[in-house]
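For reference, the structure discussed in these notes is given below.
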Amino acid sequence: MVKNVVSLRSYEINTQASLIPSTVERIKEARGIAYSTFSGRPISLCRSLERRGELRVKFEEPIYIWTVQIEDGLAICTRDQPIIGVTKDISPHGVGFCYDEKIETDFVIAEFDLFGRGTEHLLVEIRWNEKNAPHSYVAGGLIINVATEVH
């Protein structure tokens, strides 16, 4: 009998933290362009100063959340399907999001669709999470770095 072996996704973790702010701006810009294209109106992203002492932007966008383990500079997915989520806010330092399944790892890859311009992947360390109701979770994390899927 032959077993089916599933090859799980893996991501190379970039070592240049200086890429994080420009990547976050590219994610926000892609959303603004898509919104303007479909609605005919410009988008205004609301900023708020929070207890964190940094500006976070309210940013509600669907994302895929890949649970990962870190091994030898790679983020290796721990499952073959992503968790579905929606961001709540984002800054160059962190991201908050809601999602529908329990996250069992300390790190995730947050995958953002750039609306016809590819995808961006951020390695996020989960700093807090809580269950609100069955299939309703909320979490926040520190953006560790940009990641690139290894093919």
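The table below lists the values:
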{"item": "Output for region 63-81, where each listed residue is within 11 Å of the chain's Cα centre (by Cα) and of a type outside the set (S, T, N, Q)", "result": "Ile63, Tyr64, Ile65, Trp66"}
{"item": "Of all residues in region 95-117 being of a type outside the set (Phe, Trp, Tyr), out of contact with any Asp or Glu (no Cβ under 6 Å at 6 or more places or on another chain) and under 18 Å from Arg56 (Cβ atoms), the one that is surrounded by the most Cβ atoms within 10 Å (Cβ to Cβ)", "result": "Val95"}
{"item": "Residue check, Thr87 surrounded by fewer than 18 Cβ atoms within 10 Å (Cβ to Cβ) and more than 18 Å from Ala17 (Cα to Cα)", "result": "no"}
{"item": "Residue that is nearest to the chain's Cα centre (by Cα), among those in region 130-145 that are crowded, with 18+ Cβ neighbours inside 10 Å and either of a type in the set (A, V, I, L, M, F, W, C) or more than 30 Å from Ser18 (Cβ to Cβ) (or both)", "result": "Ile143"}
{"item": "Of residues in region 1-31 being of a type in the set (D, E, K, R) and assigned to a loop (DSSP other than H, G, I, E, B), the one modelled with the lowest pLDDT", "result": "Lys3"}
{"item": "Verdict on Glu125 being closer than 21 Å to Val24 by Cα, of a type in the set (Asp, Glu) and surrounded by 17 or more Cβ atoms within 10 Å (Cβ to Cβ)", "result": "no"}
{"item": "Which listed residue, of Ile103, Ile126, is aliphatic (A, V, I, L, M), touching a Phe, Trp or Tyr at 6+ places or on another chain (Cβ under 8 Å), over 16 Å from Ala17 (Cβ atoms) and in a strand (DSSP E or B)", "result": "Ile126"}
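A quick yes/no check of all residues on (1) under 17 Å from Thr67 (Cβ atoms); (2) without any contact (Cβ under 8 Å) to a residue 24 or more places away in the chain:
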position: Cys77; (1), (2): yes, no
position: Ile84; (1), (2): yes, yes
position: Ser91; (1), (2): no, no
position: Val95; (1), (2): yes, no
position: Asp100; (1), (2): yes, no
position: Thr105; (1), (2): yes, no
position: Val108; (1), (2): yes, no
position: Leu114; (1), (2): no, no
position: Arg117; (1), (2): no, no
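The values are calculated or read from the model by the stated rules, or taken from the named source; none is laboratory data. Computed from a predicted model, the values in this text were never measured in an experiment. Please note: Cβ atoms are built from the backbone with ideal geometry, for glycine as well, and neighbour counts cover all protein chains shown.
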